[in-house]
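Scroll down for the structure; my scribbles are underneath it.
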Amino acid sequence: MMMQWHFDNRFISELPSDPVLNNQSRQVRGAAWSEVAATPVPKPQLLAWSPEMAKELDLSPEEVASPEFAEVFGGNRLLPGMKSYATRYGGHQFGNWAGQLGDGRALHLGEVITKAGQRWDLQLKGAGPTPYSRRADGRAVLRSSLREFLCSEAMYHLGVPTTRALSLVLTGEEVVRDMMYDGNAAPEPGAIVCRVAPSFLRFGHYEILAAQKEPELLEKLVDFTLARDFPELEGESKAKRGAWFKEVCGRTALMVAHWMRVGFVHGVMNTDNMSILGLTIDYGPYGWVDNLDPGWTPNTTDAQMRRYRFGQQPQIALWNLGCLATALDVILQDKDLLEAGLEHYLQVYTETHQRFSAEKFGFASLGQAEEDLVTRAYRLMGQAEVDMTLFFRALAEISVNEPLPETLLPAFYSAEEFAKEREHWQIWLTDYAAHLPKQAAALAERRTSMNSVNPIYVLRNYLAQEAIDLAEQGDNSRILALQAALRQPYTPKPEFQAFAQKRPDWARFKAGCSMLSCSS
Ligand code: AMP
Ligand code: MG
């Protein structure tokens, strides 16, 4: 028998539930969650799993390989102590209040307490309809599930705060999706990811209670969050709540600064997709910048407004925190306290971003001169298509005594553009080299430290798409290879050279590679 886990399920034991017991779409009031069973699938089959996450959860490889594992994480059965439920939340989508959203296709299985004492909330994504599904089917397709599975674990290994993924299970059932929203609906293989996080609370969990005028429940949820997810915070009630909001602001700032460091674009920074723990959550039409372009968004739904473009993520996170503040003000009634939290966001973001910039460029610190160099470099990168990931790896190889633009050539998408810009880069590099240490030891140290913040392997959109195309034909070898490369994203390995290349030309405008719809 597999998996002897201890569940404490605090969310459902401490917060009120929806008295209605069916999975029909409805507006839920006066409750934080609804009990709902997963809809069974015909043929659950494990396609991929994370050894690191399994270990955290005290799972052995044998347990993962057992047929019961696929049954449980395909939604066909519960283990002792598990209880399946969906939670109620709302959110601001693309700047507008959207009302009730909720776990429309995510089902919680319970909160595991591991042998090490860590709490992990388990969640199946794609396990069937819930009261929060609105008109959708509660299912998920392989392509989006694979993207979520690979990317959340890749982010973890990059050192970016994120929810995790334990498993990717094929359901043996087809799901119909209109991938590009152009009237061409087609069946696709269905899949279920098991996501894992200490808490899946989102800004929208608090917003819905403020919007629907349920201040007592809001108060209860805030106190619950403080007790379960932020036990380290102290003080009397109001000060403690203020300190909590400030902490959420600080963590959010740190998360977004990391996104900017690695070139990650979330794509749908709606407030229902913002974690209270400052974790990257809900991997949908996200993308990685190939050529560095602050105006780029991977999300086709956002192609016009580009609200969630790469360069705007820091401002959007602040806007989202403002929404959370508005909700919390219903019970805090202290604008100054909330304002202090938002200030804290700006401070933490600025400090962290500056520290990351210094580290990415290999400066000991970031004075005015270094900051000017950074600004100039980004401006130059905007003048020709320059691959962000390859640029920073190449920059670490620049010779201080004889800085040559050719060192950067592998990062350029066009040799002609490079030739046009070469002189500008020569000037920049000469100034740049003047700000680097001169001693050999310090230089070697600089390269090591640059390479420890500038990844060589990121989940480029086209790499994910190639893994999807193969997986849809029943071949999971690319998933395994990507997992292996992305496990140590700062360490180059000859066998993974193919994963450290510029986006190929064929991928420039291909669906799934340069643009993604929300269809999933
Ligand atoms: P997202 O854009 O993925 O963050 O989802 C926004 C809302 O739509 C959430 O409440 C989701 O649970 C819900 N949702 C998205 N896709 C589905 C689906 N296939 N079935 C049910 N609900 C969904
Ligand atoms: Mg979402």
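Would you give the gap between the C-alpha center of the range 308-374 and the C-alpha center of the range 158-230, rounded to a whole Å?
Result: 25 Å between the Cα centres.
Divide by every residue of the chain the summed helix terms, -39500 (n - 2.57) for each DSSP H run of at least 4, and state the resulting mean residue ellipticity at 222 nm, rounded to the nearest 500 deg cm²/dmol.
One gets -13500 deg cm²/dmol as the mean residue ellipticity at 222 nm.
What aspartates and glutamates sit close enough to LYS335 to cross-link, taking a C-alpha to C-alpha distance under 18 Å and skipping anything fewer than 8 places away on the same chain?
GLU207, GLU219, GLU236, GLU247, GLU343
Alpha carbon centre of the range 1-53 versus the range 440-511: separation in Å?
34
What full-extension length gain, to one decimal in nm, is calculated for HIS435 and ASP223 as 0.36 nm per residue of separation minus the Cα-Cα distance?
Gain in length upon complete extension: 71.3 nm.
Report the local net charge at ALA394: Lys and Arg +1, Asp and Glu -1, summed over other residues whose C-beta lies under 11 Å from its C-beta.
-2
If the limit is 26 Å between Cα atoms, which of LYS213/LYS246; LYS125/LYS246; LYS220/LYS240 go over it?
Flagged as over cut-off: LYS125/LYS246.
At a 1.4 Å probe radius, carbon and sulfur cover how many percent of the accessible area of the range 365-436?
Summing carbon and sulfur atoms, their accessible area is 52 percent of the total for the range 365-436.
Report the extension gain between GLN354 and SER66 in nm, rounded to one decimal, defined as 0.36 nm multiplied by the number of residues separating them, less their alpha carbon distance.
My answer for the length gained is 98.9 nm.
Which whole-percent values make up P(r) of the range 461-507 when all C-alpha to C-alpha distances are grouped in 10 Å steps starting at zero?
Going out from 0 Å in 10 Å bins, the range 461-507 shows 25, 54, 21, 0 percent.
Tell me, how many Å apart are the Cα centres for the range 91-157 and for the range 251-283?
About 15 Å separates the Cα centre of the range 91-157 from the one of the range 251-283.
List every residue whose amide H lies under 5 Å from the amide H of LEU47, counting only residues 5 or more places away in sequence or on a different chain, with H placed 1.01 Å from N in the peptide plane.
Correct list: LEU168, VAL169, LEU170.
Run the simple label-point estimate for ARG379 and ALA364 please: 7 Å along Cα→C-beta, distance reported in nm.
Spacing of the two 7 Å Cα→Cβ label points: 2.7 nm.
How far apart, in nm, are the 7 Å Cα→Cβ label points at ARG26 and ALA116?
Using points 7 Å along Cα→Cβ, the separation is 4.2 nm.
Send over a whole-number figure in Å² for the accessible area per residue of the chain, probe 1.4 Å. Please list the in-between numbers first.
On the way: 20490 Å² over 520 residues.
About 39 Å² of surface per residue is accessible.
Taking the Kirkwood radius as the inverse of the mean 1/r across Cα pairs, report the Rg/Rh of the range 2-201.
Details: Rg = 16.5 Å, Rh = 17.3 Å.
For the range 2-201, the value is 0.95.
Nearest 0.05, what FRET efficiency do GLU216 and GLN347 give at R0 = 56 Å with Cβ-Cβ as r? Walk me through the numbers on the way to the answer.
Details: r = 33 Å, r/R0 = 0.60.
Efficiency for this residue pair is about 0.95.
Using a 1.4 Å probe and ignoring any ligands, DNA or RNA, find the accessible area of TRP5 and quote it in Å² to the nearest 10.
Surface accessible to solvent at TRP5 totals approximately 40 Å².
If a/c stays under 1.5 just call it rounded; otherwise compare a/b with b/c (prolate if a/b is bigger, oblate if not). Do that for the range 120-220, with a ≥ b ≥ c from the square roots of the Cα gyration tensor eigenvalues.
Working: a/c = 2.22, a/b = 1.30, b/c = 1.71.
The shape class here is oblate.
Carbon and sulfur together cover what percent of the accessible area of the range 2-201 at a 1.4 Å probe radius? Write out the running numbers ahead of the final one.
On the way: 3880 of 7430 Å².
That share works out to 52 percent.
Once every Cα of the range 53-155 carries one equal point scatterer and solvent is ignored, give the base-10 log of I(q)/I(0) from the Debye formula at q = 0.16 Å⁻¹, two decimals.
Computed log10 I(q)/I(0) values: -0.86.
What's the carbon and sulfur percent of the range 207-342's accessible surface, probe 1.4 angstrom, rounded to a whole number?
So the carbon and sulfur contribution to the accessible surface is 52 percent.
Take GLU423 and GLU445, extend 7 Å from each Cα along the Cα→Cβ direction, and tell me the distance between the two endpoints in nm.
Calculated label separation equals 3.9 nm.
The values are calculated or read from the model by the stated rules, or taken from the named source; none is laboratory data. Source: prediction; values computed, not measured. Using ideal geometry, Cβ is built from the backbone for each residue, glycine included, and neighbour counts are taken over all protein chains shown. To get the accessible areas, we keep the full protein, side chains included, count just its heavy atoms, and leave off ligands, DNA and RNA. Shrake-Rupley method; radii C 1.70, N 1.55, O 1.52, S 1.80 Å.
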